[in-house]
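One structure is given here, and the rest of the page talks about it.
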Amino acid sequence: MERETEDQPGKSPGFPYTPPPPNQRRFYHDVQWDIADIRMLLGSDLPIFGSDSHPAISLRLRDMRRPITVLTGLDYWLDNLMCNVPELAMCFHLDGIVQRYEMVKTEDIPNLENSEFSPKEVLEVAQNILAFLKANCTREGHTYWLFRQRGEEVVKLYDITSLMETSSRDEEEGGKAQNPFARSVAVLFYRVARNMLNPPGSSSGSNRLSSAVTGEELSMAKLLLENCVRLLRDSRHSDDINVGSSACYLLADLYLSRSPSDSTPSPDGPPDIRGRSRDRKLSLNSDGGETEGREGVGGPLSYLDSKSLSVRDLRDGHLTFPRDPTHPLPSLLVTSSTDRARLALQSIAKGLDILGESLFVPRSPATSETPLAHTCGSHLLQKAGSAYLCLARTCTKTGKHGRALRYTRCALLCFRGSRECAGDGGSGGELLDHLLSWQQCGDLHCLLSRVSCSSDFEDFWLENPEDTPLVATATRLHPPEPDSKEEACLTIHSNRETSLWRRSYSLLMLVCLTTLSLSLSLSLCVCVYVSSIDCYEKALQLAPSVRLSEAQSSGVLLTLRTHFGSVWNELGTHYMVTASSLDYAKERGKVEKLWNCSHACLNRGLDLFTAADSTSTSVNRSSTYANLGCLMRACASVHSRLAEAQGSEFTSEEKAYYEKSLEYYTTAQQLLRHERVEPEFWSSLMCDLGLMYNTLARHLLDRPPLSKLTPVEVERKVMDSLLRSLHCIEPQLSAVDINSPRFPVIHQLAGESHYRLGCLYQKTACGRSSSCSAQKLKHSRSQAEKHFNKAFQYYLPEHHAKEILRLLLDKSTLFELQAQQGQGVRLQLKLLESALSSLLQCQTALCHYQPCHEHETQPVESQQETKEEVEEGRRSEERPESGGDALTSLLLTRLLAVLKQLVSTAMKKSDLPKSSSLAGYKAMYAAALRGSQSRSGTVSEQIQGARVCLETVTGLWPD
């Protein structure tokens, strides 16, 4: 029996539409009757009574003045037989007054007086009729009509479903055939499909498919709905329009609500109900031969697909009829989600076409009810928006952002038209899809701000004929406002000079800067960010109207605020990068306004992340705090460059910016200290913090604030900053992949911090201050050598050749100065050999050393060996890089100086460990002297000459 959802009186009809129930009566009994190998489900109105002595007995009233006929007896017998009732109670009366009762066994009914018949022959006829039906009623979902005209011996079986195909063929040929069964059959198809999709036990008012529906049932429902739409596509009757549009909606819901695995039929599924077998009729004569039957019963039934059987020959025994070949049911849904969404949109377009102009009829002001056509149109457009949203998400995953934005635009237009049809706020699910579409639109604008190409613009402006009617209907229902902010969000940005973008940009500036005016030329990237922000604001405006559970609502808001905050974060970063590319001295006002914009955007994003109030946003908040720290560090760097140009010491403005940067970085670090879910971001954050400490130490060292601090206090602050930098950086060295672009950067940062610490200890170790004790000098020398070795370990020759050369020169200077201060020839020789070893280690760095201005020649005059040259190595960091060969020239100078000292020191001591040591020193000095005489030529030639000289000296080193 059909299960229907009745509309409540006094309210607008529900959706999908429920057609009025046909005039039908309910049976008293539903019985299952087995005859031969055929099983049937029958309905019966037979009244059945029972008692202890007669458990089941049927009751019949008979007028004693009217005899019992064969048909009456046959009726009594079949009723009892089908209902499995063993006895019949016949109540005889005259004018309603009971005269007597008579009990008859069911098997004795065929022997009653005046109603004798052969049960065997009747059963044979019934079996033959049922076998005929079983053999020919093979098309699942079709409706058949078994008909026998009065006075005829031929029983004909008509396939009513095939009428739609004949009608379509006649219309194509120019005929005007009228199908009298089309409407009834279409409504029947719709009722059956609707009930299949919402079986008993599911929520009756739901527009969603029940999860209890099997794949075969879905396939059957799809084909029934398709046939329903084909039958009603040209009908203008109001009920037919509602049924047809509802069928299109259910078809679209089938495609969008089910995955492909849900609709896969079994291998032994029912036959293909879409295939039409050949028309045939069968009429058997008394000899059992096959002859041509009559064409039909005339009139409008003459074109029905029919099969017929002679009544007389039903008694001749069981007949075998050829069966049409069967095929498994086709899969309901295709694999691709894009194809499913496209099929859904095609069904929706048919539904809107069925509704026609009724969708645009204005509501009556006398009633508050929404017309049914408007309700149908609203649901169809809502479903179209969901299909477009599915297409947009698929394109986003494949990187087709322009096409995804076009689909999102179509989705939002459909949702807007749907709300216009409904005339109210819509349901929670509808508004949720609307909200998610605005969020998707914002995501796409954000993606386009990062990566966009010409194909994105081509995909957006590409017109798809299938989308035209849907978009046209939605636009007609809710015409757009030209040059509005909402329309700006629904297009791709290719022209940054339009007044629309300037207006949107000024609105953004009001949000960011309140009263601060800014007249900057717009970049395309900023325009895209503005539209993304507008989209998220539209989504947030819809959020309070979405009626969802508390958990669902919090999840939606969390995602939305997270995406919204990320856009503000990215826009703030964009302003910061733009400001760093400008010359502060020439465009000071512009740079400062960009800083203010960046700070305002980052704080706005931070507020959104904080409002989300979830542990999942800790990474986002930490990222925003890190960007704020980077912004403060950038501000400090600009002021540092100005101070350096003016020759002033470390200023209070720099100090304030660095302290604020440290505060932001520390907060970001604390947020992630117990949330190591993003190891890469944690590593990046710690490297940024280490860079900030390193930069602060460098500026304090280069421009010490001696007007406010003593040299000892400055040195203490510098060393503290460098140690903090190493504390942040060194744990990340093993975490960074060797192929990562950050690998050489982080190694350079660690090496530079150790190098600067070594220089500080070297300054103390080589100083002649009387306040330094011998123990302190020894400790300083040890620490200087330790940090130099660490720096050499972290520097990468292929990336940091210049830094390695400077490091080894300073390390050599450290040993030279110790040798000058040392007591004893042996100790001096040992220290000088250590200095020579440091210089010879420069060979690897020279292989990768590629200074600038390679085309220039830098002739260098030979220099006298003086004590000032020893100090030159210690001040190598402060030497101006005027020429590309400065380091190589200094390297050769230091090499000659060390070898000369070795020779002179060795000559003071006659009892050397090896008699050949002095000769070896002299040979090395001679080779170095010859190699250093050819310092002219290009930079590459000078570097090559220095490398050959070092190799020669290394080969002469005594064992």
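Read-outs throughout are calculated quantities, based only on the coordinates presented, and are distinct from any laboratory measurement. These numbers were taken from a predicted model, which means no experiment stands behind them. Cβ placement follows ideal geometry from the backbone for every residue including glycine, while neighbour counts extend to all protein chains displayed.
For the stretch 73-147, give the magnitude of the charge dipole about the Cα centre (Cβ charges: +1 Lys/Arg, -1 Asp/Glu; no others), in debye to the nearest 20.
Working: 5 positive and 12 negative charges, 75 e Å.
Approximately 360 debye in magnitude.
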>> Quick check for you: which residues of the stretch 81-106 have the amide N under 19 Å from the point 7 Å beyond the Cα of R65 toward its beta carbon?
In response: 91-100
>> Taking the Cα of E951, stepping 7 Å toward and past its beta carbon, and measuring to each backbone N in the stretch 806-835: which are under 20 Å?
In response: none
> How far apart, in nm, are two points set 7 Å out from the Cα along the Cα-to-Cβ line at Q944 and at E113?
Replying inline: 13.9 nm
> Of the cross-linked pairs K717/K763; K660/K786; K763/K790; K790/K811; K660/K802, which ones have a Cα-Cα span greater than 22 Å in the structure shown?
Replying inline: K660/K786; K660/K802
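To the nearest 0.05, how large is the calculated FRET efficiency for D339 and V825 if R₀ is 51 Å and r is the Cβ-Cβ distance?
Working: r = 90 Å, r/R0 = 1.77.
For D339 and V825, the calculated efficiency is 0.05.
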> Can you list, bin by bin at 10 Å, the percent of alpha carbon pairs in the stretch 19-115, starting at 0?
Replying inline: 14, 40, 33, 11, 3
> Stretch Q933-E458 to full length: gain in nm at 0.36 nm per residue minus the Cα-Cα span?
Replying inline: 164.4 nm
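With the Cα gyration tensor of the stretch 712-832 giving a ≥ b ≥ c as the square roots of its eigenvalues, does the rule (a/c under 1.5 for rounded; else a/b larger than b/c for prolate; else oblate) give rounded, prolate or oblate?
Numbers: a/c = 2.98, a/b = 1.64, b/c = 1.81.
Since a/c reaches 1.5 but b/c is at least a/b, the shape of the stretch 712-832 is classed as oblate.
Shape of the stretch 593-636 from its Cα gyration tensor (a ≥ b ≥ c, root eigenvalues): rounded if a/c is under 1.5, otherwise prolate when a/b > b/c, or oblate? Let's see the in-between values first.
On the way: a/c = 4.76, a/b = 1.85, b/c = 2.57.
Oblate, since a/c reaches 1.5 and b/c is not below a/b.
How high is the FRET efficiency between S782 and S917 when r is their beta carbon distance and R₀ equals 25 Å, given to the nearest 0.05?
Numbers: r = 27 Å, r/R0 = 1.08.
The calculated FRET efficiency here is 0.40.
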> Pulled fully out, how much extra length does the chain show between T214 and R476, if you take 0.36 nm times their separation in residues and subtract their Cα-Cα distance?
Replying inline: 90.4 nm
>> With θ taken as phi - 60° and the coefficients 6.51, -1.76 and 1.60, list the Karplus ³J(HN,Hα) couplings across the stretch 247-253 in order, rounded to whole Hz; mark glycine and proline as x.
In response: 5, 5, 5, 5, 4, 4, 5
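Go ahead and run the numbers for FRET between E357 and S235, Cβ-Cβ distance against an R0 of 25 Å, rounding to 0.05. Present the calculation step by step, with values, prior to reporting the outcome.
Numbers: r = 15 Å, r/R0 = 0.59.
FRET efficiency, E357 to S235: 0.95.
What length, rounded to one decimal in nm, is gained on full extension from E466 through to S904, with 0.36 nm per residue of separation minus their alpha-carbon distance?
Once the chain is fully extended between E466 and S904, it gains 148.2 nm.
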> Which shape class applies to the stretch 571-730: rounded if a/c is under 1.5, otherwise prolate when a/b exceeds b/c and oblate if not, where a ≥ b ≥ c are the square roots of the Cα gyration tensor eigenvalues?
Replying inline: oblate
> What nm distance separates the two modelled labels at T610 and L733, each placed 7 Å from Cα along Cα→Cβ?
Replying inline: 3.9 nm
> A551 versus L74, label points 7 Å from Cα toward the beta carbon: distance in nm?
Replying inline: 6.5 nm
